[in-house]
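Q: My questions will all concern the structure given below.
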Amino acid sequence: MALPIEDYALISDCHSAALVGRNGSIDWLCLPRYDSASMFGALLGDENHGRWLLAPADASATATRSYRGDTFVLSTIWSTPTGQVEVLDFMPHGDGRADLMRRVRGISGTVHMIQDLRFRFGYATTMPWVRQLTGEPVRGLVAIAGPDAIVVRGPALRAADHRHVSHFDVAAGDAVDAQMTWYPSHRAIPPAVDIDAAYATTCTWWQNWASSCSHEGALRAEVVRSLLVLRALTHERTGGIVAAATTSLPEQFGGSRNWDYRYVWLRDASLTLEVLLSHGYELEADDWRAWLLRAIAGDPNDVQIMYGLSGERYLPERELTSLPGYNGASPVRVGNGAVDQFQSDVIGEVMVALHAARTAGVQENEFSWPLQRALMSFLEKNWRRQDRGIWEVRGQAREFTHSRVMVWAAFDRAVRGIEECGLDGPLKRWKTLRDEVRSDIETRGFDAERNSYVQYYGSTEVDASLLVLPQVGFCAPTDPRMLGTVAAIESDLMRNGLLLRYRTISAVDGLPPGEHPFLACSFWLVEQYAASGRTRDADALMNRLVGFVNDVGLLSEEYDVANGHQAGNFPQALSHLALVRAADAIVTHMVSTSSTNEKT
């Protein structure tokens, strides 16, 4: 049985990631990429679906975890009646390989350790051929299944009922290393890694990256960790930014709202780009723009809302029978059917992000502005189409207000690209369309009786995505219509002090009702509170939200308030980027208030 989601920690080499449980078990690992098939899949089943346990044999041992500074090197201090050890888990950065390192270091006394390794390739569909290598130059265990191969070096492992086990003692001052390397099975076994050199290089790289963060505020530690998560979810070779490291962690425990998030959504990646830009990470912006140019190159009519890490377009959704699901929540899905949806808002998110890159000093190249012009040409012809919206509803397509606002934002940034940055384009036509879209929203997307914008045209329901309107400049945070919308959202969507995305009982998403509050939405509300002068409300909600991060600073998609558990895919880029935005908004408001007080 998998642990509570918040009991996992992430380690990453910016190509893939592993989830390490508080019990010392690596229960999720896909190599060599985030979206590869799992080789450890206990997260979506149990230990027989693949895991790598390394922990004291004494069941009474207790663990305290932390990252080594601003890195993804995980330190777990185990305390037992006979002694204390530290286990360091990390994936080396920068070696171009797919390695995972585990070092056990004796602190005091002597601790008896157990290692339990269970390979299950291909989402637990394949039991590999495993053999021991005892000669030179390779000593260790090799597991092969089809195209995949793994070599494990470290304490000698013995076969026992489709698993491999070792027991060993670690005394104070001792260090015992284990390392695992994935490689294509048709190639030679790669040499061992110098773990000391890999550790030093990895720590230095992460700390140097984090040191560039420009945020200064009371929540700087949470902001830096969130930015690190966004970097860890960015594929270094391609520039693609995955929405999360996992698939099928349930939004509703035991339910069917289980989706694969190991792909690049234009929306989430664009929002991530904006956050990174606002903290001085222009290089990542340039890399992502290059990824975007490659991914959507061709006919604008073929633009998708999401892609694979290298820009792959074919991401069919299928259900796996080899994994029973997180604590039985099924189905387990690979791929995502949303790839075939039309969502007009994504062009707006892309245009907003690319304009932010321009204003941050990232220069347009010979391809980037022509691409944006092509996107705008597509939007000119299609902006009135009904779509599936930001939440990718699987029910009826509608005219979602948030989508139309993002269409407005797309035309607005295109206009500003011409007026503010000297780019060429049909200025008059785009300004006319921008005004036409605004008029359409104010006329059809606003309920005068409630004094609120609505979820979609013709509805009286509200949606937490309406909190984005001031973020993209459609209206001021203090606009009476926006304040009325906030009041309606608080009335209809607040549950136990947190926000739902929308009321699932409305059946707008075509799925059975029921889910937990969506963390990003509550962070958006913090941002709105701060920007509209509700300082105490902003601080109170923000303090509560950051209290939901786990012991190493990570957040999933949703939060089960009643039972105190994180829910949904983990760690979630959207939750972490929304945390950063909210923290920035609080600091901005404090600076603005201080400046106003000084003048008076």
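Q: Please count how many residues of the range 419-440 are over 33 Å from the mean Cα position of the chain (by Cα) and under 14 Å from residue 359 (Cβ atoms). Walk me through it before giving the result.
A: We begin by selecting, within the range 419-440, every residue over 33 Å from the mean Cα position of the chain (by Cα); these are 419, 422-433, 435-436, 439-440.
This time we only want the ones that are under 14 Å from residue 359 (Cβ atoms), so: 419, 422-423.
Of the residues in the range 419-440, 3 are over 33 Å from the mean Cα position of the chain (by Cα) and under 14 Å from residue 359 (Cβ atoms).
Q: Would you confirm whether any residue within the range 72-88 is in contact with a His (Cβ under 7 Å, 6 or more places away or on another chain) and under 22 Å from residue 11 (Cβ atoms)?
A: Checked the range 72-88: no residue is in contact with a His (Cβ under 7 Å, 6 or more places away or on another chain) and under 22 Å from residue 11 (Cβ atoms).
Q: Determine the pairs where a residue that is assigned by TED's automatic domain parsing to the domain that holds residue 416, located within the range 426-445, has a partner that is small (Gly, Ala, Ser) with Cβ atoms under 7 Å apart, the partner being 6 or more residues away or on another chain.
A: Within 7 Å, the pairs are 430/414.
Q: Taking the options 404, 333, 373, 358, name whichever one is in contact with a Cys (Cβ under 8 Å, 6 or more places away or on another chain) and not in a loop (DSSP other than H, G, I, E, B). I'd like the intermediate steps shown before the answer.
A: Values: 404 fails: in contact with a Cys (Cβ under 8 Å, 6 or more places away or on another chain); 333 fails: in contact with a Cys (Cβ under 8 Å, 6 or more places away or on another chain); 373 fails: in contact with a Cys (Cβ under 8 Å, 6 or more places away or on another chain).
Exactly one of 404, 333, 373, 358 is in contact with a Cys (Cβ under 8 Å, 6 or more places away or on another chain) and not in a loop (DSSP other than H, G, I, E, B), namely 358.
Q: Return the total of residues in the range 230-288 being assigned to a helix (DSSP H, G or I) and modelled with pLDDT of 90 or more.
A: Total meeting the criteria: 15.
Q: Another question, then. Would you mind listing the strands (runs of 3 or more DSSP E) fully within the range 1-49 where at least 1 residues are touching a residue at least 24 places away in the same chain (Cβ under 8 Å), on the phi < 0 side of the Ramachandran plot and touching a Gly at 6+ places or on another chain (Cβ under 6 Å)? Reasoning before the result, please.
A: Numbers: elements: 8-12, 17-21, 25-30, 38-40.
In the range 1-49, 8-12, 25-30, 38-40 are the strands (runs of 3 or more DSSP E) which contain 1 or more residues that are touching a residue at least 24 places away in the same chain (Cβ under 8 Å), on the phi < 0 side of the Ramachandran plot and touching a Gly at 6+ places or on another chain (Cβ under 6 Å).
Q: Here is a further query. Mind checking which pairs have a first residue in the range 455-475 that is touching a residue at least 12 places away in the same chain (Cβ under 8 Å) and a second that is of a type in the set (S, T, N, Q) and part of a loop (DSSP other than H, G, I, E, B), Cβ under 9 Å, 6 or more apart or different chains?
A: Final answer for the pair search is 456/386; 461/455; 462/455; 463/455; 465/455; 466/455; 470/478; 470/532.
Table: residues versus (1) surrounded by fewer than 23 Cβ atoms within 10 Å (Cβ to Cβ); (2) within 20 Å of residue 262 (Cα to Cα).
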site: 10; (1), (2): no, yes
site: 14; (1), (2): yes, yes
site: 28; (1), (2): no, yes
site: 31; (1), (2): no, yes
site: 72; (1), (2): no, yes
site: 81; (1), (2): yes, no
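Q: Are any residues in the range 505-518 free of Cβ contacts under 8 Å to residues at least 60 places away in the same chain and surrounded by 17 or more Cβ atoms within 10 Å (Cβ to Cβ), and if so, which ones? Break it down stepwise before answering.
A: Quick first cut of the range 505-518, residues free of Cβ contacts under 8 Å to residues at least 60 places away in the same chain only: 505-506, 513, 517-518.
Listed by number, the residues that qualify are 517, 518.
Q: Another question about this same structure. For the range 203-210, indicate whether the set of residues that are buried (at least 19 other Cβ atoms within 10 Å of the Cβ) and either more than 26 Å from the chain's Cα centre (by Cα) or aliphatic (A, V, I, L, M) (or both) is non-empty.
A: No.
Q: List the residue pairs whose Cβ atoms are under 6 Å apart, where the first residue sits in the range 80-100 and is within 22 Å of residue 174 (Cα to Cα), the second is at pLDDT below 95, and the two are 6 or more positions apart or on different chains.
A: So the pair list comes out empty.
Q: Being surrounded by fewer than 24 Cβ atoms within 10 Å (Cβ to Cβ), of a type in the set (Lys, Arg) and not assigned by TED's automatic domain parsing to the domain that holds residue 122: is that true of residue 257 here? Before the answer, list the steps.
A: Working: surrounded by fewer than 24 Cβ atoms within 10 Å (Cβ to Cβ): yes; of a type in the set (Lys, Arg): yes; not assigned by TED's automatic domain parsing to the domain that holds residue 122: yes.
Answer is yes for this residue.
Q: On to the next question. If I filter the range 62-71 down to residues being hydroxyl-bearing (Ser, Thr, Tyr) and under 21 Å from the mean Cα position of the chain (by Cα), which single residue comes out as farthest from residue 8 (Cα to Cα)?
A: Per the criteria, the residue is 71.
Q: Another question, then. Which of (1) part of a helix (DSSP H, G or I); (2) aromatic (Phe, Trp, Tyr); (3) in contact (Cβ under 8 Å) with a residue 40 or more places away in the chain does residue 559 not meet, given it meets every other one?
A: (1)
Residues are listed down the side, and each one gets a yes or a no for (1) under 25 Å from residue 516 (Cα atoms); (2) of a type outside the set (Phe, Trp, Tyr):
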| residue | (1), (2) |
| --- | --- |
| 246 | yes, yes |
| 266 | yes, yes |
| 288 | no, no |
| 308 | no, yes |
| 315 | no, yes |
| 326 | yes, no |
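Q: Here is a follow-up. Does residue 585 count as among the hydrophobic types (A, V, I, L, M, F, W, C), modelled with pLDDT of 95 or more and out of contact with any Gly (no Cβ under 8 Å at 6 or more places or on another chain)? So that I can check it myself, show each step before the final result.
A: Values: among the hydrophobic types (A, V, I, L, M, F, W, C): yes; modelled with pLDDT of 95 or more: yes; out of contact with any Gly (no Cβ under 8 Å at 6 or more places or on another chain): yes.
It is true that residue 585 is among the hydrophobic types (A, V, I, L, M, F, W, C), modelled with pLDDT of 95 or more and out of contact with any Gly (no Cβ under 8 Å at 6 or more places or on another chain).
Q: Taking the range 156-197 as the region of interest, how many residues are β-branched (Val, Ile, Thr) and in a strand (DSSP E or B)? So that I can check it myself, show each step before the final result.
A: If we filter the range 156-197 for residues that are β-branched (Val, Ile, Thr), which is where we start, we get 165, 170, 176, 181, 189, 193, 195.
If we keep only those that are in a strand (DSSP E or B) too, we end up with 165, 170, 176, 181.
Residues flagged as β-branched (Val, Ile, Thr) and in a strand (DSSP E or B) within the range 156-197 amount to 4.
Q: Taking residue 331 as the residue in question, decide whether it is without any contact (Cβ under 8 Å) to a residue 24 or more places away in the chain and either surrounded by fewer than 17 Cβ atoms within 10 Å (Cβ to Cβ) or closer than 19 Å to residue 273 by Cβ (or both). Steps first, answer last, please.
A: Values: without any contact (Cβ under 8 Å) to a residue 24 or more places away in the chain: no; either surrounded by fewer than 17 Cβ atoms within 10 Å (Cβ to Cβ) or closer than 19 Å to residue 273 by Cβ (or both): yes.
Criteria not met by residue 331.
Q: Name the single residue that is farthest from residue 32 (Cα to Cα) among those in the range 277-336 being in contact with a Ser or Thr (Cβ under 9 Å, 6 or more places away or on another chain) and among the charged types (D, E, K, R).
A: 289
Q: Residue 64 passes all but one of (1) assigned to a strand (DSSP E or B); (2) of a type in the set (Ser, Thr, Tyr); (3) within 25 Å of residue 211 (Cα to Cα); which number fails?
A: With respect to (1) assigned to a strand (DSSP E or B); (2) of a type in the set (Ser, Thr, Tyr); (3) within 25 Å of residue 211 (Cα to Cα), residue 64 is out only on (3).
The values are calculated or read from the model by the stated rules, or taken from the named source; none is laboratory data. It should be emphasised that the depicted structure is a prediction, and the values quoted were computed from it without experimental measurement. Neighbour counts are summed over all protein chains in view; Cβ atoms, including those assigned to glycine, are modelled from backbone coordinates with ideal geometry.
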